[in-house]
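One structure below.
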Amino acid sequence: MFYTYYDSPIGRLTIVSTLGEITHLFLTIEQFNEFQGANKLVEDGQHHILREAVKQLHEYFYGGRTNFDLPFEIKGTDFQKKIWTELRQIPIGQVCSYQDIAVKIGNKNAVRAIGQANKANKLPIFIPCHRVIGKNQRLTGYAGDKNELKAKLLTHENIAFKH
């Protein structure tokens, strides 16, 4: 596995890939360090998939990119994959609640499970779990309770929310 860094407006992001797919995006160095300790990784800022990921992230933050066209390794349960597919349908500049997603998938009682699927998302920003907020328009847990990162991403996308 390979990794590189991207210094974004919300802080240093770490992108991890195999030879063919992006596997992880870490929003904090602490999260990456924990992952790195359990995995054999090689830093490679010239790996073509990582270079393309950096380019697309830069375009997202500075050039108006609204979606990502990268090969992703998406591992999870069938339920998680279903939720992550729904997250990718939320357009930039819009949000929905956990309850909205529960209704969309036909299980209005799945709100907590949806929250757990969001928490298990290894590709934040690429799979935009930051666009899911509480039904009261308040921020809820994000990237290990990093709500300030969620706020920065939503602000970047010009989305109003309650603190």
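The values are calculated or read from the model by the stated rules, or taken from the named source; none is laboratory data. Computed from a predicted model, the values in this text were never measured in an experiment. Cβ coordinates were reconstructed from backbone atoms using ideal geometry, including for glycine residues, and neighbour counts include every protein chain displayed. The area values use the complete protein model at the heavy-atom level, side chains included, leaving out ligands, DNA and RNA. Shrake-Rupley method; radii C 1.70, N 1.55, O 1.52, S 1.80 Å.
Here are the numbers:
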quantity	calculated
Residue within the range 128-140 that is without any contact (Cβ under 8 Å) to a residue 24 or more places away in the chain and over 15 Å from the mean Cα position of the chain (by Cα) present	no
Criterion: open to solvent by 10 Å² or more (accessible area, probe 1.4 Å) and either out of contact with any helix residue (DSSP H, G or I) (no Cβ under 6 Å at 6 or more places or on another chain) or outside any helix (DSSP H, G or I) (or both) - qualifying residue of Gln116, Gln80	Gln116
Filter result (among the charged types (D, E, K, R), in contact with a Phe, Trp or Tyr (Cβ under 8 Å, 6 or more places away or on another chain) and within 19 Å of Ala120 (Cβ to Cβ)) within the range 1-50	Glu21
Positions within the range 8-45 being without any contact (Cβ under 8 Å) to a residue 24 or more places away in the chain and in a strand (DSSP E or B), in sequence order	Arg12, Thr14, Phe26
Near pairs, Cβ below 7 angstrom, 6+ apart or cross-chain, from the range 87-108 (more than 14 Å from Lys135 (Cα to Cα)) to any residue that is modelled with pLDDT of 90 or more and open to solvent by 70 Å² or more (accessible area, probe 1.4 Å)	Ile92/Thr66; Ile105/Lys82
Breaking point among (1) open to solvent by less than 60 Å² (accessible area, probe 1.4 Å); (2) at pLDDT below 90; (3) not basic (Lys, Arg), for His24	(2)
